[in-house]
1. For the stretch 79-91, check the following and say yes or no: at least one residue is in a helix (DSSP H, G or I) and aliphatic (A, V, I, L, M).
2. Say whether the condition of being touching a Cys at 6+ places or on another chain (Cβ under 8 Å) and outside any loop (DSSP other than H, G, I, E, B) is met by at least one residue in the stretch 29-42.
3. From the list D87, D42, pick out the single residue that is of a type outside the set (A, V, I, L, M), surrounded by fewer than 19 Cβ atoms within 10 Å (Cβ to Cβ), in contact with a strand residue (DSSP E or B) (Cβ under 9 Å, 6 or more places away or on another chain) and under 18 Å from S24 (Cα atoms).
4. Any idea which of A55, A25 is modelled with pLDDT of 95 or more and within 20 Å of V10 (Cβ to Cβ)?
5. Taking interchain pairs and intrachain pairs at least six residues apart, which have beta carbon atoms under 7 angstrom, with the first residue in the stretch 7-18 and within 14 Å of T39 (Cα to Cα) and the second basic (K, R) and modelled with pLDDT of 95 or more?
6. Would you confirm, using the coordinates I've provided, whether D131 is surrounded by fewer than 17 Cβ atoms within 10 Å (Cβ to Cβ) and modelled with pLDDT under 95?
7. So which pairs qualify, if the first residue must be in the stretch 49-69 and outside any helix (DSSP H, G or I), the second must be of a type in the set (G, A, S), the Cβ gap must be under 9 Å, and the two must be at least 6 apart or on different chains?
Amino acid sequence: MTCKCEEKQVITAEKAPKALGPYSAAIKINHFIYCSGQTGLDPATNQLVEGGVEAQTRQVLTNLKNVLESAGTDLAHVVKTTVFIMDMADFQKMNAIYGEFFTENYPARSTVQVAGLPKNGLVEIELVAYDPTCNCDCDDDCGEDCCCGGNEDK
């Protein structure tokens, strides 16, 4: 038998911007959610929010929060983030907003200055989170408390 959580699941989110290319907002597999990088795009307009790096960071993290909610988890279950920032001089501003979203049990993080981001954004963040509701060992028979709901292939 194969547990459904071992299959790659494409995650889409109505409250997050649509992909700008051939990629998914997130992929869920084996209890983990791998979120593609989000920029400060407003999902309603597909344009960068105004207000500089603070406003864009807030929108980035809101977009990621919405993707995670679509995957059945939240920011409290993020284990790793990677921040791509256009200007390291903006690090403190970005970090202050980041600290509003991650308030304890902080995820591991890397921050890298880059030469450019989509649509001339100022910040992009990608992350990895886990599904806390999944309590199965995929080597065993799945039960109702498994993140696949006990729906394994027979």
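1. Among the residues of the stretch 79-91, at least one is in a helix (DSSP H, G or I) and aliphatic (A, V, I, L, M), which makes the answer yes.
2. Among the residues of the stretch 29-42, at least one is touching a Cys at 6+ places or on another chain (Cβ under 8 Å) and outside any loop (DSSP other than H, G, I, E, B), which makes the answer yes.
3. It is D42.
4. None of the others qualify; the one that does is A25.
5. none
6. So D131 does not fit the description; no.
7. V49/G40; V49/A55; G51/G40
The values are calculated or read from the model by the stated rules, or taken from the named source; none is laboratory data. Not measured: the values here are computed from a predicted model. Please note: Cβ atoms are built from the backbone with ideal geometry, for glycine as well, and neighbour counts cover all protein chains shown.
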